[in-house]
Amino acid sequence: MRILILEDTEGLGEAIRDQLQDEGYAVDWVTRIEAAESCLSSTGYDLLLLDLMLPDGSGLHLLQKLRKTSTSLPVIIMTAKDQIADRISGLNAGADDYLVKPFDLNEMTARVGAVARRYSGNPNPNVILGELSVNLADRTVYVKKQQIELTSREWAIFETFIQKPGQLLTRARLEDALYAFGAEIESNTIEVYISRLRKKLGKGCIETVRGMGYRMSRQ
């Protein structure tokens, strides 16, 4: 999953970015609305963490603008404003959830996962696909009741598949899930991780559609 953070406080922005990257997410962090709009226009994100009080404007106005374009991008507001009226304004503008600063980073991670699952069409963190049993909340994977250990990057690829079983995913879509801006992308990186997942989960779990991409089997 690829996440955009719009937060102008350097220490907090770094802490959020590091926490999410440690959890295996691809993360881009910007400090200005203008930069966020540029990112959103050029990259497909799965979630936006949005500060409200920014040097070049209001995060609430950006949210309203996004919703006027009918975008379904999940948005979690981060704000120091703890008045109920401010929370209501954010939710009415189209936010999916909010975090009142200061907040616990583990709680933030849990909320990110919960919102992402709702948008994927299955708020239940437990997913069963044939012999695969997955808990998206605690990131555990079992094959025939045997737990399989995945690295953070293997999980990033796997989670993208598991949220869209049976759907064709292009190489570009998988790269977006794996990398943030500035990361070095080797020509065979996706193939390497697909191969590793097949070895751990079974050869038939991921199908190659030549010249188009990959899909995860529902069986």
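The values are calculated or read from the model by the stated rules, or taken from the named source; none is laboratory data. Model, not experiment: these values are computed from the prediction. Ideal geometry is used to build each Cβ from the backbone, glycine not excepted, and the neighbour counts take in all protein chains shown. Ligands, DNA and RNA are excluded from the accessible area calculation, which covers all protein heavy atoms including side chains. Shrake-Rupley method; radii C 1.70, N 1.55, O 1.52, S 1.80 Å.
Maximal additional length on extending the A85-R198 stretch stands at 35.7 nm, based on 0.36 nm per residue less the C-alpha distance.
The order of the peptides 55-64, 208-217 by mean Cβ neighbours within 10 Å, most packed first, is 55-64, 208-217. Each Lys and Arg adds +1 at its Cβ and each Asp and Glu adds -1 at its Cβ; summed about the Cα centre, the chain shows a dipole of about 1300 debye.
Of the peptides 98-105, 161-168, the ranking by mean beta-carbon count within 10 Å, highest at the top, reads 161-168, 98-105. In the chain, a dipole from Cβ-located charges (positive for Lys and Arg, negative for Asp and Glu) runs towards its positive end, and of A26, L169, L129 it is L129 whose Cα lies farthest in that direction.
So for the stretch 84-191, averaging the separation of alpha carbon pairs under 8 Å that are six or more residues apart and normalising by length, what relative contact order in percent results?
Numbers: 70 pairs, mean separation 13.2, N = 108.
In percent, rounded to a whole number, it is 12.
Legend: distances between Cα atoms for K68/K164; K145/K200; K144/K164; pairs beyond 18 Å are K68/K164; K144/K164. A P(r) calculated from all alpha carbon pairs of the chain, with 10 Å bins opening at zero, reads 7, 33, 34, 19, 7, 0 percent. Distance between the pseudo-spin-label points of R171 and F103 (7 Å out from Cα toward the beta carbon): 3.7 nm.
Pairs of Cα atoms under 8 Å, at least six residues apart: use those to get the relative contact order of the chain, whole percent. All intermediate terms of the calculation are to be shown ahead of the outcome.
Working: 333 pairs, mean separation 39.0, N = 219.
In percent, rounded to a whole number, it is 18.
Taking Cα centre as origin and charging only the Cβ of basic (Lys, Arg, +1) and acidic (Asp, Glu, -1) residues, the dipole magnitude of the stretch 50-176 rounds to 400 debye.
Just to confirm, what accessible area per residue do you get for the chain at 1.4 Å probe, in whole Å²? Show your work: numbers first, answer last.
Working: 11140 Å² over 219 residues.
That works out to 51 Å² per residue.
I162 sits among other residues whose Cβ lies under 13 Å from its own Cβ, and their net charge, with Lys and Arg +1 and Asp and Glu -1, is +3. In sequence order, the stretch 91-97 has phi-based couplings of 5, 5, 7, x, 5, 8, 6 Hz under the Karplus curve 6.51 cos²θ - 1.76 cosθ + 1.60, θ = phi - 60°, and Gly or Pro positions carry x. Accessible area of W29 (1.4 Å probe, protein heavy atoms only, ligands and nucleic acids ignored): about 60 Å². At a Förster radius of 45 Å, what calculated FRET efficiency corresponds to the Cβ-Cβ distance of S187 and Q64, to the nearest 0.05? Calculated transfer efficiency: 0.65. The GNM of the chain, with springs linking C-alpha atoms under 10 angstrom apart, assigns the highest mean-square fluctuation among N126, N188, N106 to N188.
Here K101 is the anchor, and the lysines within straight C-alpha reach of less than 25 Å, apart from those fewer than 8 places off in the same chain, are K65, K81.
Where the accessible area of the chain is counted over protein heavy atoms with a 1.4 Å probe, how much of it, in %, is carbon and sulfur? Please list the in-between numbers first.
On the way: 5220 of 11140 Å².
The value for the chain is 47 percent carbon and sulfur by accessible area.
Relative protection proxy for 142-149, 37-44, from highest mean packing down: 37-44, 142-149 (other beta-carbon atoms within 10 angstrom). Spatial offset of the stretch 153-195 relative to the stretch 42-104 amounts to 27 Å, using the alpha carbon center of each.
Per DSSP H run of at least 4 residues, take -39500 (n - 2.57); add these up for the chain, divide by its residues and hand me the 222 nm value, nearest 500 deg cm²/dmol. If you can, show how the numbers build up before the last one.
Values: 8 runs with 89 residues, N = 219.
About -12500 deg cm²/dmol.
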